[in-house]
Every structure is written in C-alpha cells, then in structure tokens.
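A.B. asks: Sharing a structure below in structure tokens format, with a few things to ask.
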Amino acid sequence: MRDKKFLGDVAMKVRNGKDFWAGLMFAGFGLGFMLVSLSNYPMGSAVRMGPAYFPAVLGGLLALLGGAVLFRAFVSRFEHPLKLFAFRLPLLIAALVIGGATYLADSQLKGAPMAQFALAGLALFLFIGAFGPKSLFLILFAVVIFGFALKPLGLVLSTVLLIVLSALGGHDFRNKEIVILTVVLVLFGVMVFVKGLGLPFNLWPGE
Amino acid sequence: MDFALIHNLSVGFGVALSLQNLMYCFVGVLLGTLIGVLPGIGPVATIAMLLPVTFNLSPISALIMLAGIYYGAQYGGSTTAILVNLPGESASVITCLDGYQMARQGRAGPALAIAAMGSFFAGCVATVVIALFAPPLAEVALKFGPAEYFSLMVLGLVGATVLAHGSLVKAIAMTLLGLLLGLIGTDVNSGIARFTFGLPELSDGIGFVIVAMGVFGFAEIITNLEQGASRDVFVNKVTGLMPTWKDLKDSSGAILRGTALGSMLGILPGGGALLSSFAAYTLEKKIGDTSKFGKGEIRGVAAPEAANNAGAQTSFIPLLTLGIPSNPVMALMIGAMMIQGIAPGPQVMTERPELFWGMIASMWIGNLMLVILNLPLIGIWVKLLTVPYRLLYPSILLFCCVGVYSLSNQPFDVMLTALFGLLGYVFVKLECEPAPLILGFILGPLMEENLRRAMLLSRGDATVFFTKPISGVLLGIAILLLLITLAPAVRKTREVAFQE
C-alpha cells in the first residue's frame, strides 16, 4: 500500500506528462543500448575503438538527457496531463496472459515456429490496443497482416484485407465507398505494381 | 564569365534534356505538385514510397525524379494554401496567412500568379547559386580527413537540433537515439552483429526507408485519424490570373529578399524550405508598410513562396558537395544515391559530372515545367482536394506497404515498419520532433567510422578535433550555435517563432 501511495504522490507532482514519458523513453533506450553494448561487445580503447565504444558512450549520453527531461517534467512551465494514453485493462490482461503463456510454452511450441510467432504478435497487438487509440491498433494491424498475407494469399486478397482493416480504423466507414475503393485499388495495384513495374507478386493464393 | 561553368552547364543540360530524363523530371514535378496539394502526405513519405521504384531506373533519372518531387511539392503546397487555407505542405503554412485573405477578396488569381512567378524566379537563382558555390565547396571538402568529417557531421546534427521544433533537449535526445538506431547491424570493423537480437534480417541494419516510412508516413496517418480531422473545403473562385502592375511592383522587392534569404538558409544544416519561408515572412513584416499583413498583403505571399523554393533547392548543396544531408528529404536522397551505388560526397562532382550537372540543369527545367503546368491545372488540383481523407489514407497505406515489401520481399520489413509507426506515434504524442532522429540514423555509421579513423590517426588523442583548423572551426560553430540557442533571449524568440 505504501508503494502505491508513493507512486500516487509522484504522479501528483508531475507537471508535464509529455516530458515525463519522453524522459522515461529516452532513459530506457539509452540504458538499454549502453548495457547491451557493454555486456556483449568488446570495448576496445580510444585508439582502437571496439564495437561497444561508440554506442556505449552515445547510450550513456542519451540516458543522461533522458534523466534531464524526466527532471524537467516536475519543474516545467508547460502543463500536460500525465495520462496521455488510453488504458484498457481487459486488453492488457489478455495481452499479458497470451504473452506469458507463449513464453512459458516455449518448449512445447518449438516445433511450430509460426504458431509461436503468431501468438507473440497477437500479444503485442493486444498490448498496443490496451494503450493506443483504435486507429493506431487497426492501421498497424492492417499493415502487418498485409505483409504476412502477400505471399500466401496473393496481391488481390491482401489488398482487400489492407483496405478494409485500415478503413475500419477511421471514423466514417461507408460500405459502398469501401467496396468501390477496394476494387479500384486492386485494379490499380495489379496494373501498376505487377504489370507496370514488374514487382514479383503473385495475384492469387498458391500461384 | 567563368568558362568552365558554361561548359559544365551545357553538359548538364545535355543530360537533362534527353527525352527520358525530361519525362522523369515531368513525372517528378507532377507527383510533387500532387502531394503538395494533398494535405496529409508530404515529400518525405512520397520519396520514401518511391525509392524501391527507382531501383530499376538509371541513377540520373532516379535523382532527377526525386528532386522534382521535393521542389514540386513547394509549388503545390502554395496552391491549396491560397485557395482553401490548407497548407498542403508544411512549408506553405505561412502562405495561408495572406494568400487566403487575398483569395477571399477575390484576388486568388494574382496571388497564385505571384506565388508561381516568385517560385520560378527563386528556382532560377537557386540553380545558379548551386552551380556557382557547389564546386569550390566540393574542392574544400576533398581535403577533408576523418576528423573534419566527424566535426562536420556534429555541426550538421547540432544545426538540425537547433532548428527543430520545441524542446532542444528532446531534439538532442532524438538525434542520439537516431545515431544509435543507425548502428544496429553488423559492425564494419569487427564483423560483430550489434543489437540484432540474433535476427539475421537485422544483420545488414535497418533500412532507412523503413524508419522514414514508419515514423513519418504511418505515424502521420494514425494521428490524423485519431484527431478525426474532417476537412470542409470552401473553394474560392479563381478569376483572372494576371496580377496588376502595382502587384508586380509591390512584390518584386519581396521576391528578391525572399530568394536571397531562402538561398542562404537552405544551405544551413537543418535548413530548407520550412525555415526559409518562416524567416522570409518575418523579414517582410519588419520592412516598409506593415499595416496590411494578415489582411491580404501580396508581399506576404511573394516572399515566403520565393524563399521556400530557393531553400528547397539550395539544401541540395551540402548533399552534393559534402555528402551530408541537411534535412530528412536530403537524407532520403542520400539513400537513393546509395541504392544506385553512388557514395555521396565531393567526389561525385569530379567522377560523375554528368550526374551532378544533369541534376542541376534538371532543376531549372523542372521549375519551368512547374510554372507552365501549375497555372492551367489549378482547377484539377482543387478538385482533388475534395477527395475525402477516408478514401485517401487507405490508398497511401497500400503504396507504403507495397514499397516497403518490395525492398526485400519479406514480411519482416513490413512488420518492422509497423513497429516504427508505433514509435512515431509515441513521438508525436510526446512532442518529440522526428526529423533529427532521421538525420542521426543516416549519419550514425558514418560518424562512428570517421571517429574511429580520426582517433586511430591521432593515436587516441581526442584534442585533434580542436587542433586541426577546419575541424576546430566547425566544432566551434557547433558549440556557438548550441550556446546561442541556450541563451535566454534567443530561447524566448525561438519559442515564439515556432508557435506562430
């Protein structure tokens, strides 16, 4: 309980939520890059710099700047709320359950790398959905689905998937319009990308 | 007159006037105008999208087309700014102020004509500026060693952070993050794969198209959708293009000043079209009769339009002579050159003169095309604006996805782009300007390489960066820039300037 009260007090004192999260992000990236380089790659010397030298120094600097931004969040002249992102608990729980299960079942899933991959991806998307707006989740989802569907399903069907999913990410979904748009873009894609530019895409599944 | 210059330019025009290159120049400026007109998609995303397509072109055609997109976008952006008060391109934000007012007073025609004429004049001058100043600068650059290059890149990055929007600390942090992301992949010296998490797909590093497309393209679509921006377009009628004699007299000085300012600011690291147009407008507001600004002053259209076009073009100078990009579009141009197997730098001018001068000549031709093309086509561009965003963004998305996928024909790249889209969204939310990140990303490996070489040559003596004269001066300027920006007085005006 005390911990929770402490965190609450800190949250109260944050004046600039944007600086707060940005500071955490920079510090996290900086420390991450620094620690990975220091623990995995040879440092070398100033004369003969090893692969760890430059990233470790940069990472350290970035972490310091992150700390400065974090500090500024408490004294900033600008005020922004701490709560910048959405928070949907059910999606977060689902993400953690699926992600955790995938991690724990690592040995059982070794035989099926695709299943493992798909589950991890699902967990990631649920995680994004837990914090971001609908558009963020659906647009990125549409993009990734397109990437994975292009080879097995062909250009036509993956374009349909991309357009419909991304249109769902907007505010104003109009059935008739989306059908027309999809048809136009499929035709355009086939004519320009495959016939015109000669990109090596198959049009239909299993070609 | 300099005889070599005439010879060089004639070589350039010979290349640029070939039927094929004229065609690609035309495609480039047309596409550029198109995306300049359409809000929500800028030159960075478009060039990133088209990079894979340029694989199959000859290097000169590819560069001519991509350059055309950039300066074409400046023309297109002004059209919508004047007619419907929508800046199609960020550099034309400032043109809305007086251009739209002119349109509401029924003077859209003269505003558009002056914008086009100002842009054309600025484009011509900037072409000459490049032709005159690039060769001597490249000559200096040929004498650069690793220490000088390292300091130059530091200066470039500092310039980009100083000129970025918002907080300076965040901009520096974004630069560092970009440098670090650029280091992902196999280290050239030791052959060790760094930060790849064992993924073979990452061993060649992250393609910068992926970063640019994710951070600029996807993130922009997502935030546009989240804000639910609905656009109501009220188009003002265009009647009579010809400006009056008084318009011409009023704006000629503004065009001259805008061109001069834009040509200078374009060369600066971090400079380019956006900064130039803002600076030119601010300057005009301080000169002569200022009572009409914001109420349809023609000088308020002429100066920023001339400046943004001049700035867009002279920002090619650091790229062509030093191989250092001054803004994200130039970073993409470096990528385009590398795809074609050309190492950007001072040697391009001597080793591939047809490439260098052909591109410069094409800029002048492209500007001419834009003037001829733009005024009669205004009706079509305005029609395009009525296409709702809900139909536009799925189409943009399709282009982006196909572009990214065709980089290596693997779903992995598409997934990585989505990841950078997520990161880009977070950046927007946290008010972290992504432009310095992209510059850092491009320069990361180059900087490390030059740092290593310089330190090896100096036997680990870091003072070499200050004791070598050119390097010392460059670093001195960088430090001075940072100090000036941190000075309280400048900080205040900077905040005001970016809020306007």
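A.B. asks: Just one of A:Pro133, A:Pro200 is within 8 Å of chain B (Cβ to nearest Cβ), surrounded by fewer than 16 Cβ atoms within 10 Å (Cβ to Cβ) and not basic (Lys, Arg); which is it?
C.D. replies: Step by step, each of A:Pro133, A:Pro200 is checked, and only A:Pro200 is within 8 Å of chain B (Cβ to nearest Cβ), surrounded by fewer than 16 Cβ atoms within 10 Å (Cβ to Cβ) and not basic (Lys, Arg).
A.B. asks: Specify the residue that is surrounded by the fewest Cβ atoms within 10 Å (Cβ to Cβ); the eligible residues are those in segment B:152-182 that are within 10 Å of another protein chain (Cβ to nearest Cβ) and closer than 20 Å to B:Phe465 by Cβ.
C.D. replies: Taking the candidates together, the pick is B:Ile172.
A.B. asks: Regarding A:Val190, is this residue under 16 Å from B:Leu392 (Cα atoms) and either of a type outside the set (A, V, I, L, M, F, W, C) or within 12 Å of another protein chain (Cβ to nearest Cβ) (or both)?
C.D. replies: No; evaluated as a whole, the condition is false for this residue.
A.B. asks: Next question, about the same structure. Among B:Gly76, B:Gly40, which is at pLDDT below 90, closer than 21 Å to B:Tyr100 by Cβ and surrounded by fewer than 20 Cβ atoms within 10 Å (Cβ to Cβ)?
C.D. replies: Result: B:Gly40 is the single residue among B:Gly76, B:Gly40 that is at pLDDT below 90, closer than 21 Å to B:Tyr100 by Cβ and surrounded by fewer than 20 Cβ atoms within 10 Å (Cβ to Cβ).
A.B. asks: Then there's this: For a quick check of your reading of the model, give me the residue pairs whose first member lies in segment B:11-22 and is within 16 Å of B:Met349 (Cα to Cα) and modelled with pLDDT under 90, whose second is surrounded by fewer than 17 Cβ atoms within 10 Å (Cβ to Cβ) and of a type outside the set (A, V, I, L, M), with beta-carbon atoms closer than 7 Å and at least 6 apart or on different chains.
C.D. replies: Pairs that qualify, where the first residue is within 16 Å of B:Met349 (Cα to Cα) and modelled with pLDDT under 90 and the partner is surrounded by fewer than 17 Cβ atoms within 10 Å (Cβ to Cβ) and of a type outside the set (A, V, I, L, M), are B:Val11/B:Pro353; B:Val11/B:Glu354; B:Val15/B:Glu354.
A.B. asks: Could I ask something else about it? Specify the residue that is nearest to the other protein chains (Cβ to nearest Cβ); the eligible residues are those in segment B:451-472 that are free of Cβ contacts under 8 Å to residues at least 24 places away in the same chain and more than 10 Å from A:Ala46 (Cβ to Cβ).
C.D. replies: In this case the residue turns out to be B:Thr463.
A.B. asks: Restrict the check to segment A:157-178 and report whether at least one residue is more than 10 Å from chain B (Cβ to nearest Cβ), over 22 Å from B:Gly214 (Cβ atoms) and touching a residue at least 24 places away in the same chain (Cβ under 8 Å).
C.D. replies: Looking through segment A:157-178, at least one residue is more than 10 Å from chain B (Cβ to nearest Cβ), over 22 Å from B:Gly214 (Cβ atoms) and touching a residue at least 24 places away in the same chain (Cβ under 8 Å).
Conditions (1) assigned to a helix (DSSP H, G or I); (2) small (Gly, Ala, Ser); (3) more than 7 Å from chain B (Cβ to nearest Cβ), marked per residue:
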position	(1), (2), (3)
A:Leu24	yes, no, yes
A:Ala27	yes, yes, yes
A:Leu31	yes, no, yes
A:Leu35	yes, no, yes
A:Leu38	yes, no, yes
A:Leu61	yes, no, no
A:Phe71	yes, no, yes
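A.B. asks: For B:Asn374, are the conditions met, namely being in contact with a Ser or Thr (Cβ under 9 Å, 6 or more places away or on another chain) and either at pLDDT below 80 or not in a helix (DSSP H, G or I) (or both)? Show your work before the answer.
C.D. replies: Details: in contact with a Ser or Thr (Cβ under 9 Å, 6 or more places away or on another chain): yes; either at pLDDT below 80 or not in a helix (DSSP H, G or I) (or both): yes.
Here the answer is yes, as B:Asn374 does meet what is asked.
A.B. asks: Looking at B:Gly403, B:Gly440 in this structure, which one is more than 30 Å from A:Val183 (Cα to Cα), in contact with a helix residue (DSSP H, G or I) (Cβ under 7 Å, 6 or more places away or on another chain), of a type in the set (Gly, Ala, Ser) and more than 8 Å from chain A (Cβ to nearest Cβ)?
C.D. replies: Details: B:Gly403 fails: more than 30 Å from A:Val183 (Cα to Cα).
Result: B:Gly440 is the single residue among B:Gly403, B:Gly440 that is more than 30 Å from A:Val183 (Cα to Cα), in contact with a helix residue (DSSP H, G or I) (Cβ under 7 Å, 6 or more places away or on another chain), of a type in the set (Gly, Ala, Ser) and more than 8 Å from chain A (Cβ to nearest Cβ).
A.B. asks: Within 24 Å of B:Ile172 (Cα to Cα) and within 13 Å of another protein chain (Cβ to nearest Cβ), is that true of A:Pro42?
C.D. replies: Numbers: within 24 Å of B:Ile172 (Cα to Cα): no; within 13 Å of another protein chain (Cβ to nearest Cβ): yes.
So A:Pro42 does not fit the description; no.
A.B. asks: Another one. Which residue out of B:Ala111, B:Ala62 is within 22 Å of the chain's Cα centre (by Cα) and at pLDDT 85 or above?
C.D. replies: B:Ala62
A.B. asks: Looking at segment B:177-197 only, could you name the residues that are in a loop (DSSP other than H, G, I, E, B) and within 17 Å of A:Leu35 (Cβ to Cβ)? Spell out how you get there, then give the answer.
C.D. replies: Within segment B:177-197, the subset in a loop (DSSP other than H, G, I, E, B) is B:184, B:187-192, B:195-197.
B:Ile184, B:Ile192, B:Phe195, B:Thr196, B:Phe197, listed by residue number.
A.B. asks: Additional query: Looking only at segment B:194-207, which residues are within 12 Å of chain A (Cβ to nearest Cβ) and within 32 Å of the chain's Cα centre (by Cα)?
C.D. replies: B:Arg194, B:Phe195, B:Thr196
A.B. asks: Sticking with this structure for a sec: Based on what the data block shows, is B:Gln340 touching a Pro at 6+ places or on another chain (Cβ under 6 Å) and surrounded by fewer than 21 Cβ atoms within 10 Å (Cβ to Cβ)?
C.D. replies: For B:Gln340, the condition - touching a Pro at 6+ places or on another chain (Cβ under 6 Å) and surrounded by fewer than 21 Cβ atoms within 10 Å (Cβ to Cβ) - is met.
A.B. asks: Give all pairs with beta carbons closer than 7 Å in which a residue from segment A:8-31 that is aromatic (Phe, Trp, Tyr) meets a residue that is crowded, with 21+ Cβ neighbours inside 10 Å and outside any helix (DSSP H, G or I); count only pairs at least 6 apart in sequence or on separate chains.
C.D. replies: Final answer for the pair search is A:Trp21/B:Leu430.
A.B. asks: From A:Val194, A:Val164, A:Val179, A:Val184, grab the single residue that is among the hydrophobic types (A, V, I, L, M, F, W, C), over 26 Å from B:Thr54 (Cα atoms) and either surrounded by fewer than 15 Cβ atoms within 10 Å (Cβ to Cβ) or modelled with pLDDT under 90 (or both).
C.D. replies: On the way: A:Val194 fails: over 26 Å from B:Thr54 (Cα atoms); A:Val164 fails: either surrounded by fewer than 15 Cβ atoms within 10 Å (Cβ to Cβ) or modelled with pLDDT under 90 (or both); A:Val184 fails: over 26 Å from B:Thr54 (Cα atoms).
Criteria check complete, one pass: A:Val179.
A.B. asks: If you don't mind, there's one more thing I want to ask. Assess whether A:Ala149 counts as being free of Cβ contacts under 8 Å to residues at least 12 places away in the same chain, within 14 Å of another protein chain (Cβ to nearest Cβ) and of a type in the set (Gly, Ala, Ser).
C.D. replies: Criteria not met by A:Ala149.
A.B. asks: Another question, then. Against the condition out of contact with any strand residue (DSSP E or B) (no Cβ under 6 Å at 6 or more places or on another chain), crowded, with 19+ Cβ neighbours inside 10 Å, more than 14 Å from every other protein chain (Cβ to nearest Cβ) and assigned to a helix (DSSP H, G or I), how does B:Pro304 come out, does it pass?
C.D. replies: It is true that B:Pro304 is out of contact with any strand residue (DSSP E or B) (no Cβ under 6 Å at 6 or more places or on another chain), crowded, with 19+ Cβ neighbours inside 10 Å, more than 14 Å from every other protein chain (Cβ to nearest Cβ) and assigned to a helix (DSSP H, G or I).
A.B. asks: Could you check, for segment B:328-344, whether at least one of its residues is more than 14 Å from chain A (Cβ to nearest Cβ), of a type in the set (Gly, Ala, Ser), touching a residue at least 24 places away in the same chain (Cβ under 8 Å) and in contact with a Gly (Cβ under 7 Å, 6 or more places away or on another chain)?
C.D. replies: no
A.B. asks: Conditions first: (1) part of a loop (DSSP other than H, G, I, E, B); (2) surrounded by fewer than 19 Cβ atoms within 10 Å (Cβ to Cβ); (3) of a type outside the set (Asp, Glu). A:Gly170 passes all but one, so which condition is the exception?
C.D. replies: So the condition that A:Gly170 fails would be (2).
The values are calculated or read from the model by the stated rules, or taken from the named source; none is laboratory data. Please read all numbers here as calculations on a predicted model, not as lab measurements. Every residue, glycine as well, gets a Cβ built from its backbone with ideal geometry; the counts of neighbours run over all protein chains shown.
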